[in-house]
1. Within a 10 angstrom radius of the beta carbon, how do 47, 198 rank from fewest other beta carbons to most?
2. Would you mind ranking 154, 80, 249 so that the residue whose beta carbon has the fewest other beta carbons within 10 Å leads the list?
3. For n ≥ 4 DSSP H runs only, could you compute -39500 (n - 2.57) per run for the chain, divide by its residues and tell me the 222 nm figure to the nearest 500?
4. What fraction of the DSSP beta bridges in the range 2-479 is antiparallel, stated in percent and rounded to the nearest 5?
5. Please report 23, 202, 351 as a ranked list, fewest other C-beta atoms within 10 angstrom at the top and most at the bottom.
6. Given a Förster distance of 30 angstrom, what is the FRET efficiency for residue 181 paired with residue 352, based on the Cβ-Cβ distance and rounded to 0.05?
7. What area, in nm² and to one decimal, does the C-alpha convex hull of the range 27-95 cast on average over all directions?
8. Enumerate the calculated ³J(HN,Hα) couplings along the range 354-360 in order (Karplus 6.51 cos²θ - 1.76 cosθ + 1.60, θ = phi - 60°), each rounded to whole Hz, writing x wherever the residue is Gly or Pro.
Amino acid sequence: MLDKFLEEYVNKLYNNSNVNMSIEQRNLYSKEKYYVLLKPVVELLKEYPDDTIQELRDKLFSLSEIESKLKDFIYLKKMTPGVVISYGTNDYKETIVVGNREEVKLIDGKLVPSVSKMQEDTIFDLASITKLYTSISILKLVQKGLISLEDEITKYLPNFKNLKGVTIFDLLSFKVPLKTSKRIDLAKDYKEAFSVLEDIEIGYLDTYDNPYTDMGAIVLKYVIEAVTKMPYYDFLDQEILKPCGLVDTHVLVPNYKLNRVASTRFGGNISKNGEFLRDLSGKVGMPHDPKARILNQGGQDLPGHAGLFSTASDMSNLAKSLINKEVLDNKYLEEMALNRTGKRIILGQEIKYIQYFGYLCYSKHPHLADSELFHAMSGKSFASGGFTGGQFTVDPMNEIYFYLGTNRVHNRVVRDFSKNYQDIKDKDGTLVTNASRFTWERDEYLVHPCLELAIQFKMLEDFYKLCKEKIDYQEKKRVI
């Protein structure tokens, strides 16, 4: 019976992985890979038939070697100070806490060691994961019949006169590139930044460029406010945060919660000549993104592209609300994940792929190394990532999710323009870890292993529901 169940489950996951996928996105995760992934579940069920489901989960966790991968990633490679990870299914949440939320602080103009451990309720700067909330908000308005994706931006924002002919759909799907005459993050205040934004115009997107941009999400935030006649964060709080039970998701983190915020300060870049340029600006609770700092007016106004803070618990609640169709109907969840930009191109003898995006989120990229979305996920899944290191994946079809909260920009080299990828000494002699390869290392060491475990946990639950017992909601916390 178990072998038959395995075969049926592999076929289901394989078929799910190809739903709604374009030609280049199909068959990226083979049946053979699913068999290898799921076989340990069957072997454990055969070997330990009397174990509880939690005992079997613990054995799968041990087999995954995630603990050693996390220690390697954080303590040996030092790719980030620490993480809080939450992943699982509709019936089970596993939380992993490891490392530090702060390593150094500034005292009298000097950086000194200041170690604060990650906690389960640590609050993280979501950075560009904020865009996912903007996407959900727009689709929520469509679902309510208040707007149409084919509406032009100027219908709601007539002062954005250069965007005549550009639709909500165009910006939601990264279809139209936008450019400003000046850099918003260099504006002296919000008034100047908004004046620059009002003159935004259609840019030029080269065939080989990445279509990703912050600008569409920034503009869409003002569409939301024009339609709802309320500040964006207030709409978010009313329609998404409160209904989904998100109690620690803020644009302005309250003072009494600031001691829970993971530091994103004191990182920097290595210039082409090898000099480390450390950023000493900012403060706890201030978004790392420079445009968000200008546009949020001191925490009073949420931009559409970045600026939200949240916890692993809140992001888990959001994931489950999406899986259960409590936030959006299935129709709009499916539309969110559809590839809108990705395509295959040939440059000489080389095949390349333009980045694959859905609605302000990632769809599957054919090359796993370039894909924010793990190939084993269903064709209805989507992912979002942020510059501060966070990653969020939701698979409504397979009913699994993953959230990584981290602060990889704290006391780290985040961009190495010299491309030497070596640690470097600050001018005061302090050795600074080069974490510019974080995004690529993160998937191998954290994201993919946890999502593989979530798939195994879901298969285990489905077998128990079919043959053994009712599954009640459970949680487990692991401190490493």
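1. Ranked by crowding around the Cβ, least crowded first: 47, 198.
2. Lowest to highest Cβ neighbour count: 154, 249, 80.
3. Helix contribution divided over all residues of the chain: -9500 deg cm²/dmol.
4. 80 percent
5. 23, 351, 202
6. My answer for the efficiency is 0.45.
7. Averaged projected area of the range 27-95's Cα convex hull equals 6.5 nm².
8. 6, 4, 9, 10, x, 8, 6
None of the figures in this text is laboratory data; all of them are computed from the coordinates on show. From a predicted model like this one, the values you see are computed outputs, not experimental measurements. Heads up, the Cβs are rebuilt from the backbone with ideal geometry, glycines too, and the neighbour counts pull from every protein chain shown.
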